[in-house]
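See structure below.
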Amino acid sequence: MNERKLIEACKNNDASAQKLLYETFARKMMSVCLRYADNREMAEDFLQEGFIKVFSSIRSYSYEGSFEGWMRRVFVNTALESLRKNDLLRNGVDLDSLDPQQEADYSAVDKISADELMELIAQLPPGFRTVFNMFAVEGYSHKEIAHALNITESTSRSQYTRAKKLLQKWINELN
């Protein structure tokens with residue numbers, strides 16, 4: 001079944017089409033959820049809630065742009081809603097432990113694998129991790145992040161910069 005027919009069937013509440021959609025996209029959407037969650041259990045909750053939202057709002061998908069991109073936004077927004085609801089975006093880190101004068105050593109990033117980098121990103125405090133993922137991974141602008149998280153653009157920029165510095169510190173400690 002092609003994607004358009006699959007979407008149409010899901011719009012008509014066809015359970016077998018919904019199952020196929022889930023099987024087709026669950027792995028990719030789980031990787032999105034894992035980037036925002038503190039642990040696998042939280043990511044699984046985001047995944048379940050995200051699919052509920054996809055199926056309940058799929059009628060609003062107008063075939064403009066990529067369906068996978070539309071779904072990704074649903075999952076990111078689901079994770080953000082949960083993080084906001086549970087006030088997890090306010091958790092920070094002792095900023096005195098970061099050296100504000102430290103210049104980024106991008107060669108250190110070349111010395112670790114993508115999986116190691118993803119593990120480090122997952123260890124960031126929720127606010128830093130969320131902004132970092134939205135900006136560096138998902139491609140949101142600081143203006144969009146500010147709107148989505150109900151923060152200022154300067155706070156978004158600051159959280160992103162602090163996330164990069166903390167990641168840099170951890171990477172340097174690994175090498």
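The values are calculated or read from the model by the stated rules, or taken from the named source; none is laboratory data. Just so you know, these numbers come straight off a predicted model, no measurement behind them. In this analysis, Cβ positions are derived from the backbone assuming ideal geometry, glycine residues included, and neighbour counts consider all displayed protein chains.
Keeping to the range 91-116, report how many residues are in contact with a helix residue (DSSP H, G or I) (Cβ under 7 Å, 6 or more places away or on another chain) and modelled with pLDDT of 60 or more.
Within the range 91-116, residues that are in contact with a helix residue (DSSP H, G or I) (Cβ under 7 Å, 6 or more places away or on another chain) and modelled with pLDDT of 60 or more number 1.
Can you spot a residue in the range 153-175 that is among the hydrophobic types (A, V, I, L, M, F, W, C), modelled with pLDDT under 90 and within 18 Å of the chain's Cα centre (by Cα)?
no
Within the set of pairs 6 or more residues apart or between chains, which connect a residue that is closer than 19 Å to M71 by Cα inside the range 132-160 to a residue that is among the small types (G, A, S) with Cβ atoms less than 7 Å apart?
Final answer for the pair search is I145/S156.
All but one of (1) charged (D, E, K, R); (2) farther than 21 Å from M118 by Cβ; (3) assigned to a helix (DSSP H, G or I) hold for E41; state the number of the condition that does not hold.
It fails just one condition, (2).
Report yes if S56 is in a helix (DSSP H, G or I) and surrounded by 14 or more Cβ atoms within 10 Å (Cβ to Cβ), otherwise no. Step through it out loud before you land on a result.
Working: in a helix (DSSP H, G or I): yes; surrounded by 14 or more Cβ atoms within 10 Å (Cβ to Cβ): no.
So S56 fails the test.
Restricting attention to the range 161-175, which residues are without any contact (Cβ under 8 Å) to a residue 40 or more places away in the chain and closer than 18 Å to S113 by Cα?
E173
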